[in-house]
Structure formats: structure tokens, C-alpha cells
Amino acid sequence: MKTTVLLSWMILELFFFTVVAQQPHSETFDKKTDSITIIGKFVASERSNFKDINWDNYSTSFINPKNLTSPIIVTAIPYNGTYSNFDDINAELDMSFDSSIYRFRSNFSEVSRQLYTYDSSEVYFLVPGIYRTNANAYQYRLLLNGKTIIQPWQDIRYFADSSFALNNFKKGMAFLGGYKTTWNNFILLELKRKDADSIISAAVVYWKPVKPVLLDIYTADELNSFLARLKRPYDRLSSKTTSHKWETLYKPGELDTLSGLPKRLLLNADQDNIIFYLQGDIYQKAAIEYQLVKNGNVYIPWKPNDFDNNFIWLKELSPGEYQLQMRFRAQRHNISFLQFYIKPFWYQRAVFKFGVGAFVFFLLFLSYRLWKQMKKTIAEKKKKEKLNLELKALRSQLNPHFVFNALSSIQGLVNKNDLEAANHYLTEFSSLLRGSLNNRDTEYMPLGRELKILETYIKLEQLRFHFQYTISVEPNLAIDSIEVPSLLLQPLIENAIKHGAGPKYEKGLLKLRLSHNNSDLLIDIADNGEGFVMTASNTGFGLQLVKDRIQLLNESLHRQQILLSFDQNSRESSMVHLVFKNWL
């Protein structure tokens with residue numbers, strides 16, 4: 001590869017184009033440019049004056065004149081300080097990028113050339129084998145990404161005069177122009193005879209985004225290893241032989257999976273001279289630019305590299321958190337980053353007196369914070385105890401209220417001489433009372449157990465009023481693992497029966513529906529009567545207790561809340577809505 005690069009460089013030093021006299025069948029280049037229409041991502045394409053092109057900055061695809069049997073396209077790509085990014089070393093060129101018409105990995109051939117360019121400048125195309133004497137027999141065209149025609153088939157009109165020489169080719173060869181497109185796109189130049197459809201030569205150039213790639217990092221105590229590395233700039237495998245040093249210093253998760261280097265380099269205070277070795281063959285320091293950020297502020301603004309080589313050397317850095325930002329001048333939008341931290345010396349961390357003072361201040365501040373937190377904790381504890389006492393008082397009102405209504409129902413059956421129903425009612429009531437007493441000191445109970453108690457109560461009331469009822473639960477609602485405030489729903493069911501479904505007897509209908517909306521538990525209680533009377537009379541006492549209990553519960557809860565609302569659109573139906581926010 002090195003021999004090829006040097007040979008190409010020697011060839012480029014022979015380049016020199018001059019203007020030739022205009023002839024009826026051809027044109028030569030003057031100070032004007034011949035531009036074509038911009039289409040799609042094809043941002044520029046123009047033929048430039050040879051005298052204005054710095055041919056020393058261009059490398060051509062190498063062709064042996066002895067092997068030339070027919071015209072072939074030669075591509076000239078700009079160096080701009082970088083010989084290579086090592087894309088074509090020890091591997092075939094990969095042209096399988098998106099939209100590629102090739103879709104395979106291919107070596108160079110004598111007919112086609114597939115090349116990368118890393119510069120936004122134009123690339124140029126020469127055609128040894130085509131001259132003014134035979135140009136009328138050939139045509140060429142230009143395509144973007146192998147499918148959009150930028151220039152249709154057209155005649156060849158531009159040539160170099162006798163003062164221009166390329167290798168040992170005959171002078172006066174054809175020149176097809178200079179072209180460029182945007183990153184991640186490619187142009188395809190095709191050449192054919194006018195009397196045939198087959199392509200006799202083609203050239204593809206892909207504008208490949210690239211940013212600096214670190215191969216290794218050296219400190220002052222590793223200068224010998226660095227100097228040995230400089231003697232082998234083309235040896236890409238040497239980075240693999242030194243990667244073990246990072247594996248011994250860092251955990252696997254702390255190393256970059258692609259480069260094998262630390263994601264965040266940690267250095268001691270005396271390691272203030274650092275060398276960052278880059279992939280590529282760089283011969284101009286202006287080709288690489290870097291910026292250094294320290295502790296979030298620009299420490300060294302963007303500047304060209306200090307050396308005409310592929311390494312960046314930072315010297316005499318003070319302790320702190322750094323970010324090294326690197327880019328190629330030809331692609332300033334593609335930036336590489338590396339985080340590293342230089343630890344301070346012990347005496348740099350703080351002056352002793354200042355440290356003692358800061359420590360004392362910290363103790364005082366911590367004591368103050370603990371005192372405030374303790375006061376807050378005590379206040380919260382007292383508040384919680386008060387709320388618990390109030391809730392217990394409400395529950396003590398709820399349970400007698402429930403027992404009173406149940407006994408009233410039994411008394412009604414006895415007065416009607418319906419002894420069988422009264423006995424059955426007493427049995428169910430004893431079961432209901434037992435469940436109520438078992439949960440008298442329990443603030444929360446599983447929703448499934450709450451539903452069983454409610455259904456027992458509804459059945460008891462159904463014996464007296466003969467109404468119909470339904471209880472529906474969404475299939476995916478895990479009622480046995482959801483806890484709700486115990487006996488919170490019973491007063492609501494009681495009012496729905498006594499003021500809604502109960503007075504209508506066989507025509508009465510009570511519906512209890514449980515569902516969810518995201519993390520909210522939804523409970524709806526509906527009846528086909530006048531429903532929930534919110535008066536201060538005895539019939540509304542249970543509902544007022546429910547509202548007071550919900551208010552106290554919401555004060556003790558934080559992220560969770562209980563919302564209660566009533567809906568009575570007519571005298572024929574009413575509904576109560578309970579929303580348990582963030583309950584699931």
C-alpha cells in the first residue's frame with residue numbers, strides 16, 4: 001500500500017494542464033466553468049479549469065498503461081492532508097452501502113473502480129484511450145446513487161493539450177469533469193461506445209462520512225511504546241496487541257466494545273501528558289482539528305493539530321474532567337469524543353484549614369437538616385395518629401349503622417310472619433356480622449373479600465325487596481390482590497337499594513361494575529330509582545360518613561386518591577362513581 005501511495009504521489013507531481021486551441025469537434029478549458037443542473041441530493045457538479053486545480057492534492061486510481069486495451073475511466077480523489085483512512089488495507093472495498101447498484105464486496109478491476117472519498121470537494125475523471133481523433137465514437141453519462149440520471153448520454157468535448165502527461169499514457173486524453181454530492185450518496189460515471197449498449201468502463205465514488213477513530217492512548221511513561229508504534233504507522237493490528245492493558249485496568253462494561261478503549265479514561269495526577277493515537281495516514285497537521293473542554297468550559301478552542309502525524313499530544317494538563325473533541329477539517333460536522341479525568345494531588349483537593357472549616361460547616365448544616373427532618377417526622381407522625389383516630393371513630397359509626405339497618409330488615413320479616421325468610425336472613429346476617437367484626441380494626445381489605453361481604457348484604461336486602469342485581473368485574477382485574485378501604489362501598493350500596501332499586505321491588509335493578517383505566521380502579525353503582533339522597537336525615541347519614549372517611553383517607557394518602565361523584569340525570573336512574581387514582 002505504501003509503495004502504491006508513493007507511486008501515485010509521484011504521478012500527481014507530473015500533472016500540469018494547459019489550454020489548447022479550440023477546434024470544431026472539441027473544446028478545451030478556460031477560466032469559465034461548465035455547470036450542470038442540480039438534481040436531488042446532487043449538490044454540485046462542474047468542470048473546472050485545469051490550471052486552477054492543485055493536482056498535487058489528488059490521488060488517482062492506478063492503471064498500468066501496458067494493460068490498457070480499451071478506454072478506461074481514471075478517478076482523481078483529493079487528499080487534503082490524509083492519504084488514507086485504512087478502508088482499503090487488508091480488506092476488499094465494501095460497496096454494499098444503501099442504494100448501491102453493486103451490493104457486493106469487490107476488488108479493483110481494470111474496467112471498474114469503486115472508491116470512497118472523505119472530502120466535500122469535487123472528484124475528477126480522466127479517460128486514457130479517448131482523444132480528439134476517436135472521441136466521436138464514445139459517450140458518457142452520470143447517475144446519482146445508480147438510478148437518478150444527472151447527465152444523460154452525451155458526447156465527449158473536453159481534452160488536455162500536449163503539455164499534460166499522466167504516467168506513460170498518450171497525451172491529450174479526455175477529461176469528463178469534476179463532480180460532488182452530499183454525504184452517504186454516490187455518483188456513477190459510465191462510458192460506452194455509441195454503436196453499443198454495453199458499458200466499457202465505469203467509476204463509482206461514494207462520499208463517506210468519517211470521523212477520527214482512536215487506536216490507542218499513551219502517557220509519559222509509555223513513550224517507548226509510542227515511538228515503536230510510530231515506526232509502524234500502517235500496522236493496524238498493533239492496536240490489538242496493546243488492548244490487553246486496558247482490560248487489566250477497567251471492567252468490561254467500562255470499555256468501548258468497538259475500540260476497546262475506556263469510555264472514560266482515568267488518570268493519576270502525574271499523568272498530565274497524554275498522546276492520543278488516531279487511525280489513518282495523515283501527513284498535514286491541518287487535516288486534524290481538536291478542541292478540549294474542561295469541567296464543562298472550553299479549555300482549548302478548535303485548532304489544527306500540532307503535528308503532521310496521526311496523533312494528538314496534550315501536555316501539562318491540570319486536574320479536572322476533560323472532553324477531547326476531534327474532527328477532520330474536511331468533515332467538521334462529524335466529531336469524535338473522549339472523556340477523561342485527571343485526579344488531583346492530595347494537597348490540591350483543599351487547603352487543610354479550609355477543609356476543616358468546610359467539614360465543621362457541613363456538620364452544622366447536617367445537624368440543622370436532621371433537626372428539621374426530625375421535627376417534620378414528629379409532626380407527620382402526630383398527624384397520622386390523629387387521622388387514624390378519626391378513621392377509627394368513623395368506622396365505629398359505620399359498623400353500628402350497618403347493624404341497625406340489618407336488624408331492621410329482620411324485624412320487617414318477623415312482623416310479616418315470614419319466619420322461614422327471617423331464619424334465612426338471620427343466618428346470612430350472622431355470617432355478614434362475623435365478617436364485619438373480623439375487619440373492624442382493618443383499614444384495608446382485599447377487594448374480593450369486600451365484594452363477598454357486599455353480595456351477602458345485597459342478598460339479605462333482596463329477600464325483603466325482591467329486586468334484581470348484577471355484579472360485573474373485568475376479567476383481567478385481580479380483585480384478590482387489590483386492597484381497598486374496608487366497608488367503604490356498603491353505605492353506597494345501602495342507599496342505592498333503599499332509595500332506588502328497593503322501592504320498585506321486582507322491577508328494581510341494582511348494578512355494581514368494577515373496571516380499570518390504566519392505573520385507576522373504577523367502581524360504578526347504578527340503580528333505576530331516585531337513588532342517592534344527600535340529606536342530613538337518617539337515610540343520608542351513611543353517605544355523609546363515606547364522604548368524611550374519603551376526605552380523611554385522601555389526607556393520609558399521597559400519590560393515591562379516592563374521588564367520589566354522583567350522577568342523577570332523571571328521576572328514573574342514578575349512579576355513583578368511585579375512582580381510586582393510581583390504585584393498580
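Taking θ as phi - 60°, what are the ³J(HN,Hα) couplings along region 152-169 by the Karplus curve (6.51, -1.76, 1.60), each to the nearest whole Hz, with x for Gly and Pro?
x, 3, 8, 6, 8, 10, 10, 9, 9, 8, 6, 7, 8, 9, 10, 6, 10, 6
What ranking do 428-434, 357-363 get when scored by the average of other Cβ atoms within 10 Å per residue, highest first?
428-434, 357-363
I'd like the Karplus ³J(HN,Hα) series for region 316-331: coefficients 6.51, -1.76, 1.60, θ = phi - 60°, whole numbers in Hz, and an x wherever there's a Gly or Pro.
Along region 316-331, the couplings run 6, 7, 7, x, x, 9, 10, 9, 8, 10, 10, 7, 7, 4, 6, 9 Hz.
Using modelled amide H (1.01 Å from N, peptide plane; none on Pro or chain starts), what sits under 5 Å from the amide H of LEU142, excluding residues fewer than 5 places away?
ILE150, GLN151
Ranked highest first by average number of other Cβ atoms within 10 Å, how do 408-417, 250-259, 275-284 line up?
Going by the mean number of other Cβ atoms within 10 Å, highest first, we get 275-284, 408-417, 250-259.
In region 490-518, whose amide N lies under 16 Å from the spot 7 Å out along Cα-to-Cβ of SER408? List them in ranges.
The answer is 490-504, whose backbone nitrogens lie closer than 16 Å to the label point.
Using amide H atoms built in the peptide plane, which far-off residues or other-chain residues are under 5 Å from LEU265 H to H?
Under 5 Å from the amide H of LEU265 lie the amide H atoms of GLN339, PHE340, TYR341, each far enough along the sequence or on another chain.
Which length gain, in nm to one decimal place, applies between ASP270 and TYR505 when the Cα-Cα distance is subtracted from 0.36 nm times their residue separation?
Full extension of this stretch gives 75.4 nm more.
Quick one: Debye curve from the C-alpha atoms of region 137-193, no solvent, what's log10 I(q)/I(0) at q = 0.13 Å⁻¹?
-0.43
To the nearest 0.05, how large is the calculated FRET efficiency for SER225 and VAL356 if R₀ is 60 Å and r is the Cβ-Cβ distance?
Given R0 = 60 Å and the Cβ-Cβ separation, E is 0.85.
From the phi of every residue in region 480-496, what ³J(HN,Hα) in whole Hz does the Karplus formula 6.51 cos²θ - 1.76 cosθ + 1.60 yield, where θ is phi - 60° and glycine or proline is x?
Karplus values, whole Hz, x for Gly and Pro: 6, 10, 9, 9, 10, x, 5, 6, 6, 8, 4, x, 5, 5, 4, 5, 5.
Using the Cα centre of region 214-348 as the reference point, and only Cβ charges (+1 on K/R, -1 on D/E), how large is the resulting charge dipole? Debye, rounded to the nearest 20.
The calculation lands at about 320 debye.
Compute the separation of the alpha-carbon centres of region 300-345 and region 146-187 and state it in Å as a whole number.
Result: 39 Å between the Cα centres.
For ASN582 and THR248, what does the FRET efficiency come to when R0 = 30 Å and r is the distance between their Cβ atoms, rounded to the nearest 0.05?
0.05
Between ASN517 and HIS466, what length in nm is gained on full extension when 0.36 nm per residue of separation is reduced by their alpha carbon distance?
Length difference between fully extended and current span is 15.0 nm.
Tell me the label-point distance for the pair LYS211, ALA196, using the 7 Å Cα-to-Cβ offset, in nm and rounded to one decimal.
4.7 nm
Throughout, read-outs are computed from the coordinates displayed, never taken from laboratory work. Fair warning: this is a prediction, and the values are worked out from it, not measured in the lab. In this analysis, Cβ positions are derived from the backbone assuming ideal geometry, glycine residues included, and neighbour counts consider all displayed protein chains.
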